[in-house]
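Step one of this worksheet: look at the structure below.
The values are calculated or read from the model by the stated rules, or taken from the named source; none is laboratory data. Quick caveat: nothing in here was measured; it's all calculated off a predicted structure. Cβ: placed from backbone, ideal geometry, glycine included. Neighbour counts: every protein chain shown. These accessible areas exclude ligands, DNA and RNA; they are computed on the full protein's heavy atoms, side chains included. Shrake-Rupley method; radii C 1.70, N 1.55, O 1.52, S 1.80 Å.
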Amino acid sequence: MRIMVLGGDGYLGWPTAMHFSSRGHEVAVVDDFTRRRCHLQQGSDSLTPIAALPDRIDAWHDLTASTIESFVLDICDYPALERAIAAFRPEAIIHYGEIPSAPWSMIDRDHAVGTQVNNVVGTLNLLWAMKDIVPDAHLVKLGTMGEYGTPNIDIEEGYITIEHKGRTDTLPFPKLPGSFYHLSKVHDSHNIHFACRVWGLRATDLNQGVVYGIHTPETEIDERLLTRFDYDESFGTALNRFCVQAVIGHPLTVYGQGTQRRAFLNIRDTLQCVELATLNPADAGEMRVFNQFTESFSVAELATTVQEAAHRVGYECDIAYLTNPRFEKEEHHYRPVNDNLLGLGLTPTFLSDDLVESTLHAVERYKDRVTLRSIDPRITWK
Ligand code: NAD
Ligand code: USQ
């Protein structure tokens with residue numbers, strides 16, 4: 001299959017490109033290094049030393065004899081996106097190419113507007129380019145579980161059947177997102193749904209939980225193939241941050257009492273889920289929604305898991321319960337459904353003691369690269 005990975009230089013995009021390439025698909029990546037620039041701006045960096053995109057691609061070719069094509073362009077630049085899609089003619093487009101951070105989007109007006117313009121305009125451009133050039137291609141779009149927020153009812157997969165005043169309909173599930181970033185994903189979902197209904201495009205919106213993990217089988221082949229792994233307050237996700245904090249002896253930064261629950265998955269399962277969605281495309285005119293996660297934890301449970309694993313491998317760390325910099329419910333119902341991907345054959349990688357310990361060992365190797373300044377939260381929601 002001809003697969004285009006938008007955001008193919010990122011944490012998830014680069015391992016995805018290698019994953020499909022190693023399985024014999026023709027792969028092209030699109031990126032404009034927005035993410036690398038965000039880190040330059042805030043003075044942080046990936047824990048893992050990541051190679052430049054051309055060097056990664058060359059290393060992949062040297063090691064596997066497989067080719068990954070690349071297009072360096074901003075998805076918001078419509079003519080450039082159009083040219084790339086016309087040249088590659090993808091059958092599937094996996095769209096990771098957005099700014100992925102809730103705290104970043106809450107820094108100030110500029111960051112909120114920058115996140116929403118980048119994400120919403122990029123996806124809208126993509127929908128128009130698909131309609132005009134590859135209307136039969138399948139869009140696999142990364143959304144987020146945070147689109148739903150934490151309502152006091154079970155979270156279904158994208159849609160809910162509602163009975164109202166004696167009438168019944170199946171409608172998009174209500175959304176209560178918790179940041180301007182998460183809102184950008186809600187806006188994307190509406191635009192994609194509209195394009196499917198009106199133009200007959202086919203799409204799968206993957207509402208993904210919080211991803212953790214440092215390695216996939218391909219990143220382990222050679223250091224030049226490493227993907228990024230972040231621990232700063234904007235771009236580092238909870239478990240990844242806790243692992244770095246444990247190794248350098250920093251108290252684990254739990255926000256509030258840590259009783260807020262979230263859905264999680266291992267980076268290897270991101271690849272599995274995206275592959276399942278890509279190889280089983282949506283019908284023309286359909287926007288499917290899959291909730292992409294394997295298990296849920298409270299933040300305090302995660303911190304305790306990391307603290308105990310760290311103790312077993314020789315690191316002692318405290319848990320700090322910090323004033324929550326975010327505006328989020330800490331006590332809430334949380335029971336999201338994830339039947340669709342399990343139904344397609346997802347075999348979950350559950351968070352085990354071994355997995356946390358191996359992540360701690362992988363982090364250890366790069367601990368001299370940690371800058372302490374990046375760890376404590378400074379961005380607040382209000
Ligand atoms: P990432 O920042 O590492 O990857 C996104 C890539 O897209 C970056 O390389 C960036 O440079 C590129 N990009 C952004 N805007 C672009 C533009 N206008 N033109 C071209 N390239 C652009 O993020 P990630 O963690 O790999 O996340 C990938 C996707 O998955 C994002 O859409 C994110 O919202 C979603 N997601 C991530 C997680 C997670 O925990 N990492 C969880 C749920 C959903
Ligand atoms: N948290 C802490 N301490 C930390 C970091 C986070 O307690 O040091 C808490 C947060 O308050 C939050 C939870 O952990 O309650 C998750 O925070 P996070 O930073 O790990 O994840 P989040 O901001 O939700 O965003 C991440 C990705 C984003 C993706 C989202 C999936 O950055 O791209 O969309 O996870 S989800 O959360 O399902 O919406």
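Here is how the numbers come out for the structure above:
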| quantity | calculated |
| --- | --- |
| Average accessible surface area per residue within the stretch 75-226, 1.4 Å rolling probe, Å² | 41 Å² |
| Gyration tensor verdict on the stretch 307-376 (Cα atoms; rounded if a/c is under 1.5, prolate if a/b is larger than b/c, oblate otherwise) | oblate |
| Loop-located GluC sites (Glu not before Pro) in the stretch 141-227, at most 14 other Cβ atoms within 10 Å (DSSP) | GLU220 |
| Length released on extending from ARG369 to ASP283, taking residue separation times 0.36 nm less the Cα-Cα span | 26.3 nm |
| Gyration tensor (alpha-carbon) shape descriptor, the stretch 133-220, a/c threshold 1.5 | oblate |
| Trypsin sites (Lys or Arg not before Pro) lying in DSSP loop within the stretch 1-48, provided at most 14 other Cβ fall within 10 Å | ARG23 |
| The chain: equivalent-ellipsoid semi-axes (sqrt of 5 x gyration tensor eigenvalues, Cα, Å) | 31, 26, 19 |
| LYS141, LYS329, ranked by accessible area, largest first (probe 1.4 Å) | LYS329, LYS141 |
| Residue-level accessible surface for SER296, protein heavy atoms, 1.4 Å, Å² | 40 Å² |
| 18 Å Cα-Cα reach of LYS367 towards lysines, excluding residues that sit fewer than 8 places from it in its own chain | none |
| Computed lengthening from ALA320 to GLU301, 0.36 nm per intervening residue step minus Cα-Cα distance | 5.5 nm |
| ARG261 accessible area, 1.4 Å probe, all protein chains in place, Å² to nearest 10 | 60 Å² |
| Backbone HN-Hα couplings from phi across the stretch 69-74 [Karplus 6.51/-1.76/1.60, Hz, Gly and Pro as x] | 7, 9, 10, 8, 7, 8 |
| For the stretch 1-107, fraction of C-alpha pairs farther apart than 17 Å, in % | 54 percent |
| Longest exposed-site-free window of the chain, the sites being chymotrypsin sites (Phe, Trp or Tyr not before Pro) in a DSSP loop that have at most 16 other C-beta atoms within 10 Å | 34-326 |
| Over the stretch 10-54, volume per residue of the alpha carbon convex hull, in Å³ | 81 Å³ |
| Cα-Cα P(r), the stretch 231-332, percent of pairs per 10 Å interval | 13, 37, 28, 15, 6, 1 |
| Candidate residues HIS361, HIS332: accessible-area rank, largest first, probe 1.4 Å | HIS361, HIS332 |
| Probe 1.4 Å, all protein chains present, accessible-area order of ASP32, ASP232, ASP55, largest first | ASP55, ASP32, ASP232 |
